[in-house]
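These notes are about the structure you will find just below.
Since every read-out is calculated from the coordinates, none of them should be taken as a lab result. All values reported here derive from a predicted model rather than from experimental measurement. Counting neighbours? That spans all protein chains shown, and the Cβs are built from the backbone with ideal geometry, glycine included.
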Amino acid sequence: MPELPEVETVVRGLRKSLPGRTIREVRLGKTDFIDDPVSLSQALPGRRISAVTRLGKFVCIELAPENSTVEGLNLVIHLGMTGQLTVKHPADQVAPHTHCFFALDDRCELRYTDIRRFGRMLIVPDTRIEAFRDRLGADPLKITLEEFSARFGSRRSRVKALLLDQGVLSGVGNIYADESLFRARLHPARIAANLEPAQLAALHRAVREVLADAIHLRGSSVSDYLDSEGKRGGFQLRHRVYQRESKPCLRCREKIRRVIVAGRSSHFCPRCQPAPRHRNARGKAVKTA
């Protein structure tokens, strides 16, 4: 599933061609992933694209009205597992499973392709976009150490579960949670409230660095992800633990292990990321994983 770096890469690509363009026509195929397809197809024609931004894992296309008496709208898109947004010429070959065509005034069209249709597309009026944004967690690229420590330091949840909680941090998924924990040398099953301030600071720094590095390499293409130009990302070549079970750690050569934490596969190095300890019935400290 595309995470923050992949969505940010798509947004940056769309910013090169969409702002200033006007949507002339909307053509829809399958619509089970669209909240209100009739309203979407009727409300968008005539709207000018004023900006393309990212809200967590959502692409947000801001749409200005034709006149000031009409409310502005936002076309909000979650790419799900296999969603792709590309700008094409109408004569370009249409990829299978392309379900939405937004014809633009420069004779190009924005296309949405989604093989599995686990994505989501909806219209959010300007008057409700702040409420939509407030339901999301903090942006990990912007969150301060103080806010990060406050959100994590008092929680009795596993640190991996908190990284995946979109109400805590918006945009981090399994790939970048595993990679961030490895960089911070923290086991995914550690209880967040038990972390020392220095460990919280290391995790805060690791999350930001991993995401920034992934954005620089245009995301991770481990499955179907392609950017807005139809190109694969490159950060999958820099993964240190994610999907590297039984392979040697690139830091210490110990074999990478996989465990289930918060219902998700979690990859880690047992030497670089020692398991948390608890007391058994005899009061002896033992590892939990």
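Below is a table of values for the structure above.
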| quantity | calculated |
| --- | --- |
| Shape call, region 140-289: gyration tensor on alpha carbons, a/c limit 1.5 | oblate |
| Choice from 203, 63, 40 with maximal GNM fluctuation in the chain (Cα, 10 Å cutoff) | 40 |
| The chain: most fluctuating residue of 20, 46, 29 per GNM, C-alpha cutoff 10 Å | 29 |
| Region 145-287: relative contact order as a whole-number percent, Cα under 8 Å and 6+ apart | 23 percent |
| Tensor-based shape of region 4-134 (alpha-carbon gyration tensor, a/c under 1.5 rounded, otherwise prolate or oblate) | rounded |
| The chain: relative contact order as a whole-number percent, Cα under 8 Å and 6+ apart | 17 percent |
| Cβ-based charge dipole, region 145-287, positive-most Cα from 187, 214, 174 | 187 |
| Where trypsin sites (Lys or Arg not before Pro) fall in DSSP loop in region 136-227, at most 15 other Cβ within 10 Å | 142, 156 |
| Sequence-distant residues sharing a close amide H with residue 24 (under 5 Å, placed H) | 46, 103, 104, 105 |
| Computed [θ] at 222 nm, helices only, for the chain once each DSSP H run of length n ≥ 4 contributes -39500 (n - 2.57) | -7500 deg cm²/dmol |
| Charge dipole magnitude, Cβ of K and R +1, D and E -1 - the chain, Cα centre, debye nearest 20 | 2060 debye |
| Sparsely packed trypsin sites (Lys or Arg not before Pro) within region 8-77, loop by DSSP, other Cβ within 10 Å at most 15 | 15, 16, 30 |
| Integer Hz, Karplus 6.51/-1.76/1.60 couplings in order for region 44-61, x for Gly and Pro | 7, x, x, 7, 9, 7, 8, 6, 10, 10, 10, 10, x, 9, 9, 8, 10, 9 |
| 144, 98 arranged by Cβ crowding within 10 Å, fewest neighbours leading | 144, 98 |
| Total lysine pairs under 26 Å (Cα atoms) in region 145-287, excluding pairs fewer than 8 apart on one chain | 7 |
| Residue among 49, 260, 129 with the largest mean-square fluctuation in a Gaussian network model of the chain, springs linking Cα atoms under 10 Å | 260 |
| For Rg and Dmax of the Cα atoms in Å, calculated from these coordinates, the label among (i) 21.3, 75; (ii) 18.9, 56; (iii) 17.7, 53 | (i) |
| Residues with amide H under 5 Å from that of residue 221, placed H, sequence gap 5 or more | 233, 234, 235, 236 |
| Karplus 3J(HN,Hα) series, Hz, for region 212-226 with 6.51 cos²θ - 1.76 cosθ + 1.60 (x for Gly, Pro) | 5, 5, 5, 4, 4, 9, 6, x, 10, 9, 9, 9, 9, 5, 10 |
